[in-house]
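Reading through the structure tokens given below for one structure.
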């Protein structure tokens, strides 16, 4: 497997574009993205668990209920959520795009991100679609990635090439997500494309399995968004024998998918609103995987620990505290904690109690921009990893006045 | 029922003191508090649900297992948690105090608050106890309240007088709590005293019932501390017939208790680390009380909403979002939301969708230091209230470097 450029356009037959159509007042900020496959393919998606759901999610769910899709359209600047006419606007978006691309509106995936509860005017979308379609290009991934950004500060894309039964396949993705991000998705939008041939069922199975250990293990602020969605389109143009069951081919596909999604998870966590540091909590020795996941998530979600990491303060008591209230089954008297980064590793707790360590060395380790929090338990052999970021002044600043 | 001065010394037979004994390096900060009843009385307590528990909690649990106690000693500056010798130090503290007061060490309640995982040296406590006992006074409540403060910025105390069967009774309390505070207790220490005569069983029942709708509904930052404890001593010196069952007397006691605890809850939330605003979320029309509580808690716990409140931004979509991911059973299409303060009330959402409102009026309402978030549901008749605070730059500052 090799990491390659091209993002969502790396796989055969995919083009993308991103433009400013006028949903946002700022003319320099793109606000409408499009990804299109030359031929109709299989589609799968996972959605937010929030009971309050963006209208685009309902429309997308209905559209890909047959396991197929050909295009993805996504606007930023408005979530189209909690609006009386939300479904209508999302359906209209799909219809307008379908007409412009000469495809069935039911093969269009619709997504939105931005502020909740303000009606989404269809006019700028309607006026923008011709230019958007015109702009479609094999080099368009970065522009699409830019157009779905809200408070994101960097574009998030990646692609990998890999082999399935002797055929070279490609899988790529773009993502947005910076705030309102919490396990079980968040305002996190991830669009993945692949030219691998895989049945709709196996595609959904691959995606649903993968998100359990990737996007569902990312938290920025504990707020699960109303509009999260991870979607994958597979157009089969790599020419491999279609994957219709588990086995070596499916494993190769899962490995490629996981490489792409873990990269995007790390991008999202590192670009958390106001974040200066990526936090990765790796739990080992847990009783079972659910307990390992619960603990890893609880640690990266602790506001107190996140603030301590911002201050490069080795306040490991807050790690223990977060483990203790996580709800996981754990013997707290067997817990070990180390902090690690490219500047080294410092053990701070063993058997549930503090051990002497150099404050100077710890400060050095914690001053890097990627911190690993290594938690060892004495309860079994299961493990899990969760991603988050530090809590900073800028998180407060960004969210203190986002809407106005 | 009348609110009166005196805090934990308002009830007959109670004295208190607070001194600097040397646990903290800062000589001007008191770090050791004592509350004593002239005669042994009944005692009840509730504790943190964190699996990682401070050693003093284990010792206190054992000491009041007979339903009785006579004194409470509490240090700040060190939580005596995750220390190999924690139990021994907490037991030693009780023994030293028992000897000084000529009471059984088993009638001493021990509590600690401060940093986790640093051994607590008994020396300053041992050296300080004579002066602490010497300082006991009927006017000592404020000094005890001061000595249990950590990042708290204000002392928290209150007392009420009330009638039980023609006898005047008094119930008072002091509290500390500012960060690491989350439903199901937090680094929240609350010490209550009363001269009402009430059996140990009914005292525990009263406290356990009351905390469900008071201290368990306060959240500052989602972190549940390892050292939380709410303790009440009842010495019976008011001379009322002992309350041994439910009925009018028990109801009068519960009402007094609730007045004191709600006041302390509001004090704790308003003094949240870095907070500039008290948030109170009142949910009505819920299917049942558990759902009402889940929703109220979820709203005051949302980092995004807390940051918006700091910025006086009427971003009601974040209230809907927090309701949606709360896990409660709720029809999101029937939700109404209003923001209220002494500057007025602004309705922002009806039937799950936004309604037009004056941004200017909303800004005015949200610029006050006590904000009520009124959530109406269409699911039933149950209600609940939760308390929290805004998320500010200062929360990050305080917690970015607390330990060093």
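Structure values in brief
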item: Average other protein chain Cβ within 10 Å of Cβ, residues B:308-320; result: 6
item: Burial ordering of B:48, B:209, fewest other beta-carbon atoms within 10 Å first; result: B:209, B:48
item: Between 0 and 90°, nearest 10: helix A:248-270 axis offset from chain A longest Cα axis; result: 70 degrees
item: For residue B:28, inter-copy label distances in nm, listed shortest first [label point 7 Å out on the Cα-Cβ vector]; result: 4.8
item: Per-residue mean of C-beta atoms belonging to partner chains within 10 Å, peptide B:328-340; result: 1
item: Peptide B:351-358, shielding by other chains (average Cβ, 10 Å cutoff); result: 3
item: Spatial separation of Cα centroids for region A:375-389 and region B:109-170, in angstrom; result: 39 Å
item: Rounded, prolate or oblate (a/c below 1.5 giving rounded, otherwise prolate when a/b exceeds b/c) for region B:278-400 by Cα gyration tensor; result: oblate
item: Rounded if a/c under 1.5, otherwise prolate or oblate - the protein assembly as shown, Cα gyration tensor axes; result: prolate
item: Between helix A:122-134 and chain A: long-axis angle, C-alpha atoms, 0 to 90°, nearest 10; result: 80 degrees
item: Residue among A:162, A:253, A:14 with the largest mean-square fluctuation in a Gaussian network model of chain A, springs linking Cα atoms under 10 Å; result: A:162
item: Rounded to 5, the percent of DSSP beta bridges in the protein assembly as shown classed as antiparallel; result: 75 percent
item: Convex hull volume per residue in cubic angstrom - Cα atoms of chain A; result: 129 Å³
item: Rounded if a/c under 1.5, otherwise prolate or oblate - region A:57-135, Cα gyration tensor axes; result: oblate
item: Highest-MSF residue in chain A out of A:149, A:188, A:237 [GNM, Cα springs under 10 Å]; result: A:237
item: Highest to lowest packing among A:382-395, B:321-334, scored as the average C-beta count within 10 Å; result: A:382-395, B:321-334
item: Relative contact order %, region A:2-270, counting alpha carbon pairs below 8 Å whose residues are six or more apart; result: 26 percent
item: Minimum Cβ-to-axis distance in chain A for the rotation onto chain B, with residue, whole Å; result: A:393, 2
item: Three semi-axes of the equivalent ellipsoid, region B:1-73, Cα gyration tensor, whole Å, largest first; result: 22, 22, 13
item: Copies compared at residue B:344 - label distances in nm, ascending, label defined 7 Å from Cα in the Cβ direction; result: 6.0
item: Neighbour-count ranking [beta-carbon atoms within 10 angstrom, fewest first] of B:95, B:65, A:298; result: B:65, B:95, A:298
item: Sorted by Cβ density within 10 Å, fewest first, the residues A:342, A:167; result: A:342, A:167
item: Inter-part distance where region B:1-74 and region B:193-247 are each reduced to a Cα centre, Å; result: 13 Å
item: Position residue A:331, label points 7 Å along Cα→Cβ, spacing to each other copy in nm (shortest first, one decimal); result: 5.1
item: Tilt relative to chain A, helix A:289-301 - C-alpha long axis, 0 to 90 degrees, to 10; result: 90 degrees
item: Chain B: antiparallel DSSP beta bridges as a percent of all, rounded to 5; result: 75 percent
item: Bins of 10 Å from zero: percent of alpha-carbon pairs in region A:197-332; result: 10, 34, 30, 18, 7, 1
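Here, each number is a calculation from the coordinates, and none is a lab measurement. If you're wondering where the values come from, they're calculated on a predicted model, not measured in any experiment. Cβ coordinates were reconstructed from backbone atoms using ideal geometry, including for glycine residues, and neighbour counts include every protein chain displayed.
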